[in-house]
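J.: Pasting in a structure now, in structure tokens, and then I'll have a few things to ask.
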Amino acid sequence: MIEQALSDLLKGFDVALQPHNFLWSFVGVLVGNLIGVLPGLGPLSAISILLPLTFTMHPIPAILMLAGIFYGSQYGGAIGAILLNLPCHPPHAVTCLDGYPMTKAGKGGTALGITMIASFFAASFGIMVMIFASPLLVEIAFKFGPAELFSIMLLGLICGGTMSRGSPVKGVAMTVVGLLIGIVGTDVNSGVARFTFGFVELTDRVELVALALGLFGVTEFLRSVNRMHVVGSGMRVRIRDMRPSWAELKQSFFPMLRGTLVGTAFGAMPGTGPTITTFVAYAIERKVSKTPERFGYGALEGVASPEASSHSKTQVDFIPTMSLGIPGDAVMALILGALIIQGIQPGPQLITEHADLFWGLIASFWIGNILLVILNVPLIGLWVKVLQVPYRYMFPCAMFFIAIGVYSTNNSLFEVNEVLVFGVVGAIFMALDFPVAPILLGYVLGPLVEENFRRAMLLSRGDLTVFFQAHTHPIATTFLTISILLVVGQLFFAARAAHRERKLKVPKGAAAVVE
Amino acid sequence: MRRPINQYNKDYYGGALMIFIGLWAAIQGSTYQLGTLSRMGPGFFPTALGVILAVLGIAIALGARSAPKDAPEEKALAPEWRGWSCIIGSCVAFIVIAKWGGFVPATFAITFISAMGDRDNSVKDATLLSIAMVVICIVVFWWALKMPFQLFAWGTA
């Protein structure tokens, strides 16, 4: 089986190294890196702005480019976090804790160097996991029927909703809102137009790009305008500074390894976002450290481990996304959406039916990561300059790119209206402390969930217990049990937290948590 | 004076919003054919989701707490009316002007108006930025990518 995987991988390198594919992968990595560095823009906005461009492309270069943007922007995000204390992308918030003190102590270059090494190491490990885990998934893939797919998606939705930041109930509520947005359009079974408000344009579903750019572009600008002040630090990082010493390398090796393992574990679990991954990695590092008091004041371990975890997670995340059709977070949901737009149905059959795409993507990860290391060493000076682009110049330009990007999806202005509506709605949700990322997850999975639930019910003649018949549907039963355990566990922890709070004699009424 | 929506009672409003959306979806969904469990109609799934959302909304609202009397005055961010209206206005301007005036003025409008939303941008800055975007619009999107839109349109598109 492993031989099979290796020979597939070789074929994958063949695909990824074709000049056409290689070029797009390179473009993706470079643009992703650039956008990741720009303050206020993360992988989500980067991918959604460039998504319309890929509609006319062949699926393979399109996906290679989008994936390149994703991990490229993660690389870029770390730079802003370390040099300017600016987490452009939430997972890097943890990197700020120790990365920025290192910069203040004049060791910013070393922190960047270690980040780069950690990222490459972790990404390579994640890629290896992908190579060897994928054939196993092919084995079980043919056992998947509608009941199984529905239960896995349900698990993904619950994970995605409950594990994002903030209150789990609010996360789940946002997932349901996303599912409702996913319903807008023509019902495939009956041809009935649902929730279209009389707009002909909406019978063809809400536009994915419009939803993403509204929620993550316009919403973000509405929240940060006049509130985000980037102070240029004017510091210089020389290539020479970026090479860590042997002692530093030795010091960061085990944190790197631990971070990588944390990221791999979280990546394989559908629905766990990248932010929680980096926070867990940081917490573990602090726990095992003999000198936890150094954390927060420029501990090298506090940079190496979270960065490694976020990068191995990024790679491993592609496994549930591509093979089960369950995106781990909002970025993966976007990539899933892009696959569906390209006419590729993600799911258990993807690895066998689109072997060239799947293995080409894995190979391109490696090539892309090598490219990133090569690119970032000479370009670091440029990135430092880019970091100082003021927000007040950036967001008006981004507004234009959003408008024209959305226009290009269907060459119609109706989608620009959608962006505006979702931007305002997203800002209202955010103001009320609702996380918006689960909306995208729900939107992308919505039609698939409904379709598979309907089919499962049709096959079982309306018998809801079909999901719990362990002898006929063991996979469905397992996943549903995990989902239930997860919900019960969340309820338990919420109740315990409320109980403790009450014990501490917080003003009455403060602890009434009903979840 | 405490602001009407603060960190303590936020969840009342959030929960109420969810109940509202949920009930609306359930009522609207039930106007489509519901069907039975074994043969679901187009209305089944949306109605079910609407009910679930309304229940979640109730849970969120119940979890909300009222502000304790001795709570410290929160330092809420002041509403950013200028920024908000400029960003929303720029989007509206783009849609309207692109339709009746072409993409060159629309590009200028969206960049200029949203740039004016930031207090630190002067009219000169905003104008230069907008001109740069117009150039990008013409060179990249119209000339290089050959996107189908009119640079200038007079009257109806």
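J.: Identify all residues within the stretch A:431-458 that are open to solvent by 10 Å² or more (accessible area, probe 1.4 Å), aliphatic (A, V, I, L, M) and facing chain B (nearest Cβ under 9 Å); write none if there are none.
T.: Of everything in the stretch A:431-458, those that are open to solvent by 10 Å² or more (accessible area, probe 1.4 Å), aliphatic (A, V, I, L, M) and facing chain B (nearest Cβ under 9 Å) turn out to be A:Ala431, A:Leu432, A:Leu458.
Every residue, every condition in (1) surrounded by 22 or more Cβ atoms within 10 Å (Cβ to Cβ); (2) among the aromatic types (Phe, Trp, Tyr); (3) at pLDDT 80 or above; (4) part of a helix (DSSP H, G or I), yes or no:
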position: A:Phe395; (1), (2), (3), (4): yes, yes, yes, yes
position: A:Ala398; (1), (2), (3), (4): yes, no, yes, yes
position: A:Ala403; (1), (2), (3), (4): yes, no, yes, yes
position: A:Thr409; (1), (2), (3), (4): no, no, no, yes
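J.: Let me ask you something else. I'd like the residue in the stretch B:141-151 that is out of contact with any Phe, Trp or Tyr (no Cβ under 6 Å at 6 or more places or on another chain) and facing chain A (nearest Cβ under 9 Å) and, out of all such residues, is surrounded by the most Cβ atoms within 10 Å (Cβ to Cβ).
T.: Residue satisfying both the conditions and the ranking: B:Phe141.
J.: Sort through A:Ile140, A:Ile131, A:Ile127, A:Ile114 and tell me the only one that's β-branched (Val, Ile, Thr), part of a helix (DSSP H, G or I) and in contact with a Phe, Trp or Tyr (Cβ under 7 Å, 6 or more places away or on another chain).
T.: Details: A:Ile140 fails: in contact with a Phe, Trp or Tyr (Cβ under 7 Å, 6 or more places away or on another chain); A:Ile131 fails: in contact with a Phe, Trp or Tyr (Cβ under 7 Å, 6 or more places away or on another chain); A:Ile114 fails: in contact with a Phe, Trp or Tyr (Cβ under 7 Å, 6 or more places away or on another chain).
The unique qualifying residue is A:Ile127.
J.: Might you check whether a residue that is out of contact with any Lys or Arg (no Cβ under 6 Å at 6 or more places or on another chain), buried (at least 24 other Cβ atoms within 10 Å of the Cβ) and within 30 Å of B:Pro148 (Cβ to Cβ) occurs anywhere in the stretch A:89-111?
T.: no
J.: Further question: Against the definition (open to solvent by less than 20 Å² (accessible area, probe 1.4 Å), modelled with pLDDT of 90 or more and either more than 21 Å from the chain's Cα centre (by Cα) or not charged (D, E, K, R) (or both)), how does B:Pro46 come out, yes or no?
T.: Numbers: open to solvent by less than 20 Å² (accessible area, probe 1.4 Å): yes; modelled with pLDDT of 90 or more: yes; either more than 21 Å from the chain's Cα centre (by Cα) or not charged (D, E, K, R) (or both): yes.
Spelling it out, B:Pro46 is indeed open to solvent by less than 20 Å² (accessible area, probe 1.4 Å), modelled with pLDDT of 90 or more and either more than 21 Å from the chain's Cα centre (by Cα) or not charged (D, E, K, R) (or both).
J.: Read through the list (1) more than 22 Å from A:Leu208 (Cβ to Cβ); (2) surrounded by fewer than 22 Cβ atoms within 10 Å (Cβ to Cβ), then give the number of the only condition that A:Ile428 fails.
T.: Here A:Ile428 clears every test but (1).
J.: What tally of residues in the stretch B:106-140 results from selecting those that are of a type outside the set (D, E, K, R), within 8 Å of another protein chain (Cβ to nearest Cβ) and not in a helix (DSSP H, G or I)?
T.: So the count comes out to 2.
J.: If I filter the stretch A:348-369 for residues that are open to solvent by less than 10 Å² (accessible area, probe 1.4 Å) and not in a helix (DSSP H, G or I), do I get at least one hit?
T.: no
J.: For the stretch B:61-82, state whether one or more residues are within 8 Å of chain A (Cβ to nearest Cβ), at pLDDT below 90, under 22 Å from the mean Cα position of the chain (by Cα) and in a helix (DSSP H, G or I).
T.: Checking the stretch B:61-82: at least one residue is within 8 Å of chain A (Cβ to nearest Cβ), at pLDDT below 90, under 22 Å from the mean Cα position of the chain (by Cα) and in a helix (DSSP H, G or I).
J.: Let me ask something additional. Please tell me if A:Val129 is at pLDDT 80 or above and open to solvent by 10 Å² or more (accessible area, probe 1.4 Å).
T.: Values: at pLDDT 80 or above: yes; open to solvent by 10 Å² or more (accessible area, probe 1.4 Å): yes.
Answer is yes for this residue.
J.: Given A:Leu86, A:Leu97, which one is outside any helix (DSSP H, G or I) and modelled with pLDDT under 85? Talk me through it step by step, then tell me what you get.
T.: Values: A:Leu97 fails: outside any helix (DSSP H, G or I).
Being outside any helix (DSSP H, G or I) and modelled with pLDDT under 85 holds for just one of A:Leu86, A:Leu97, which is A:Leu86.
J.: To continue, here is another question. In a helix (DSSP H, G or I) and out of contact with any His (no Cβ under 6 Å at 6 or more places or on another chain), is that true of A:Ala81? Reasoning before the result, please.
T.: Numbers: in a helix (DSSP H, G or I): yes; out of contact with any His (no Cβ under 6 Å at 6 or more places or on another chain): no.
The answer is no for A:Ala81.
J.: Another question, if that's okay. So which of A:Ile60, A:Ile69 is in contact (Cβ under 8 Å) with a residue 24 or more places away in the chain and under 19 Å from the mean Cα position of the chain (by Cα)? Please lay out each step first, then the result.
T.: Values: A:Ile60 fails: under 19 Å from the mean Cα position of the chain (by Cα).
Every option except A:Ile69 fails the conditions.
J.: When the stretch B:83-104 is examined, which residues are found to be in contact with a Gly (Cβ under 6 Å, 6 or more places away or on another chain) and modelled with pLDDT under 90?
T.: Step one: filter the stretch B:83-104 for residues in contact with a Gly (Cβ under 6 Å, 6 or more places away or on another chain), giving B:83, B:86-87.
Result: B:Gly83, single match.
J.: Mind checking whether some residue in the stretch B:95-105 is in a helix (DSSP H, G or I), within 7 Å of chain A (Cβ to nearest Cβ) and open to solvent by less than 50 Å² (accessible area, probe 1.4 Å)?
T.: Start the filter on the stretch B:95-105 by keeping residues that are in a helix (DSSP H, G or I), which leaves B:95-100, B:103-105.
Within this subset, residues satisfying the condition of being within 7 Å of chain A (Cβ to nearest Cβ) are B:95, B:98-99.
Remaining after also requiring open to solvent by less than 50 Å² (accessible area, probe 1.4 Å): B:95, B:98.
Yes: the stretch B:95-105 contains one or more residues that are in a helix (DSSP H, G or I), within 7 Å of chain A (Cβ to nearest Cβ) and open to solvent by less than 50 Å² (accessible area, probe 1.4 Å).
J.: Go through the stretch A:43-73 and report how many residues are more than 18 Å from A:Glu220 (Cα to Cα) and either in a helix (DSSP H, G or I) or open to solvent by less than 10 Å² (accessible area, probe 1.4 Å) (or both). Before the answer, list the steps.
T.: Quick first cut of the stretch A:43-73, residues more than 18 Å from A:Glu220 (Cα to Cα) only: A:51-72.
Filter once more, keeping what is either in a helix (DSSP H, G or I) or open to solvent by less than 10 Å² (accessible area, probe 1.4 Å) (or both): A:51-54, A:59-72.
Total meeting the criteria: 18.
J.: Here's something else I'd like to know. May I ask you to verify whether A:Leu30 is open to solvent by 10 Å² or more (accessible area, probe 1.4 Å) and under 22 Å from A:Ala304 (Cα atoms)? It would help to see each step written out before you state the result.
T.: Numbers: open to solvent by 10 Å² or more (accessible area, probe 1.4 Å): yes; under 22 Å from A:Ala304 (Cα atoms): no.
Taking the combined requirement at face value, the residue does not satisfy it.
J.: Ok, one more. Against the definition (at pLDDT 90 or above, buried (at least 19 other Cβ atoms within 10 Å of the Cβ) and over 13 Å from A:Ala403 (Cα atoms)), how does B:Ala115 come out, yes or no?
T.: For B:Ala115, the condition - at pLDDT 90 or above, buried (at least 19 other Cβ atoms within 10 Å of the Cβ) and over 13 Å from A:Ala403 (Cα atoms) - is met.
J.: So which residues in the stretch A:268-318 are surrounded by 24 or more Cβ atoms within 10 Å (Cβ to Cβ), of a type in the set (A, V, I, L, M, F, W, C) and part of a helix (DSSP H, G or I)?
T.: Answer for the stretch A:268-318, where residues must be surrounded by 24 or more Cβ atoms within 10 Å (Cβ to Cβ), of a type in the set (A, V, I, L, M, F, W, C) and part of a helix (DSSP H, G or I): A:Ala281, A:Val303, A:Ala304, A:Ala308, A:Val316, A:Phe318.
J.: Could you check how many residues of the stretch A:209-256 are closer than 30 Å to A:Phe121 by Cβ and either open to solvent by less than 60 Å² (accessible area, probe 1.4 Å) or at pLDDT 80 or above (or both)? Write out each step before concluding.
T.: Pass one, the stretch A:209-256, residues closer than 30 Å to A:Phe121 by Cβ: A:216, A:233, A:235-256.
If we keep only those that are either open to solvent by less than 60 Å² (accessible area, probe 1.4 Å) or at pLDDT 80 or above (or both) too, we end up with A:216, A:233, A:235, A:237, A:241-242, A:244-256.
Residues meeting the conditions: 19.
J.: Kindly provide the set of residues from the stretch A:415-430 that are more than 9 Å from every other protein chain (Cβ to nearest Cβ) and not acidic (Asp, Glu), ordered by number.
T.: Just the residues of the stretch A:415-430 that are more than 9 Å from every other protein chain (Cβ to nearest Cβ), to begin with: A:415, A:418, A:421-422, A:425-426, A:430.
Across the stretch A:415-430, the qualifying residues are A:Val421, A:Phe422, A:Val425, A:Gly426, A:Met430.
The values are calculated or read from the model by the stated rules, or taken from the named source; none is laboratory data. These figures come from a predicted structure and were not determined experimentally. Don't worry about glycine lacking a Cβ; one is built from the backbone with ideal geometry, like all the others, and counts go over all protein chains shown. Please note that ligands, DNA and RNA were not included when accessible areas were found on the heavy atoms of the full protein model with its side chains. Shrake-Rupley method; radii C 1.70, N 1.55, O 1.52, S 1.80 Å.
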